[in-house]
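Enquirer: My questions will all concern the structure given below.
Taken together, the values in this text are just the output of simple stated rules run on the coordinates, not laboratory data. What you see is a predicted model, and the numbers here were worked out from it, not measured in a lab. With ideal geometry, Cβ positions are generated from the backbone for all residues, glycine too; neighbour counts draw on all protein chains shown.
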Amino acid sequence: DGFWNYVVTHCDFNSTDSKDITFIRSYYYNKLEIVRFDSSVGRYVGYTELGVKNAEAWNSGPEVVQMRNEKERYCANNVGNDYRSAVTKS
């Protein structure tokens, strides 16, 4: 028993073109997604009462600017290898 708090970060893509890449970071509490940053939206979105409060605070602070840059830093630098690997195996 206890509480589970975890973050999942991933890139959705269907080509190596930057416009076809989406960076998503989801925050979970006890298996329930409470807040998410999605680069196609460009801000945090809350799904629970706690998530909405966090999203409002994070969207008005420096956190949102950092997340907007994560698509290039986290996804764009790695998608090319993943895309080539998937295409050669299909």
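Enquirer: Inspect region 27-42 for any residue being in contact (Cβ under 8 Å) with a residue 40 or more places away in the chain and touching a Phe, Trp or Tyr at 6+ places or on another chain (Cβ under 6 Å) and give the result as yes or no. Even if it seems obvious, please write down each step before you answer.
Expert: Residues of region 27-42 that are in contact (Cβ under 8 Å) with a residue 40 or more places away in the chain, as a first pass: none.
No, region 27-42 has no match at all.
Enquirer: To continue, here is another question. If you scan region 22-78, which residues turn out to be more than 23 Å from Asn5 (Cβ to Cβ) and charged (D, E, K, R)?
Expert: Across region 22-78, the qualifying residues are Arg68, Lys71, Glu72, Arg73.
Enquirer: Can you confirm whether Val41 is aliphatic (A, V, I, L, M), loosely packed, with under 14 Cβ neighbours inside 10 Å and out of contact with any Leu (no Cβ under 6 Å at 6 or more places or on another chain)?
Expert: Answer is yes for this residue.
Enquirer: Taking interchain pairs and intrachain pairs at least six residues apart, which have beta carbon atoms under 7 angstrom, with the first residue in region 11-22 and on the phi > 0 side of the Ramachandran plot and the second surrounded by 14 or more Cβ atoms within 10 Å (Cβ to Cβ) and aromatic (Phe, Trp, Tyr)?
Expert: Note: no pairs meet the criteria.
Enquirer: I want to confirm something. Restricting to region 1-14 and keeping residues that are in contact with a Phe, Trp or Tyr (Cβ under 8 Å, 6 or more places away or on another chain) and assigned to a loop (DSSP other than H, G, I, E, B), which single residue is farthest from Val87 (Cα to Cα)?
Expert: Top of the filtered list is Phe3.
Enquirer: For Glu56, all conditions in the list (1) surrounded by 12 or more Cβ atoms within 10 Å (Cβ to Cβ); (2) of a type in the set (Asp, Glu); (3) closer than 26 Å to Val79 by Cα hold save one; what is the number of the exception?
Expert: (3)
Enquirer: Of all residues being charged (D, E, K, R) and within 15 Å of the chain's Cα centre (by Cα) in region 59-90, which is surrounded by the fewest Cβ atoms within 10 Å (Cβ to Cβ)? Just the residue, please. Steps first, please.
Expert: Just the residues of region 59-90 that are charged (D, E, K, R), to begin with: 63, 68, 70-73, 82, 84, 89.
Those left that are additionally within 15 Å of the chain's Cα centre (by Cα): 63, 68, 70-73.
Numbers: Glu63: 14, Arg68: 14, Glu70: 17, Lys71: 21, Glu72: 13, Arg73: 11.
Looking at the filtered set, the residue picked out is Arg73.
Enquirer: Report yes if some residue within region 15-28 is in a helix (DSSP H, G or I), buried (at least 17 other Cβ atoms within 10 Å of the Cβ) and in contact with a strand residue (DSSP E or B) (Cβ under 6 Å, 6 or more places away or on another chain); otherwise report no.
Expert: Kept after step one, since they are in a helix (DSSP H, G or I), are these residues of region 15-28: 18-20.
Next, only the ones that are buried (at least 17 other Cβ atoms within 10 Å of the Cβ) stay: none.
There is no residue in region 15-28 that is in a helix (DSSP H, G or I), buried (at least 17 other Cβ atoms within 10 Å of the Cβ) and in contact with a strand residue (DSSP E or B) (Cβ under 6 Å, 6 or more places away or on another chain).
Enquirer: Please go through region 35-90 and give me each residue that is among the hydrophobic types (A, V, I, L, M, F, W, C) and not in a helix (DSSP H, G or I), ordered by number.
Expert: Of everything in region 35-90, those that are among the hydrophobic types (A, V, I, L, M, F, W, C) and not in a helix (DSSP H, G or I) turn out to be Val35, Phe37, Val41, Val45.
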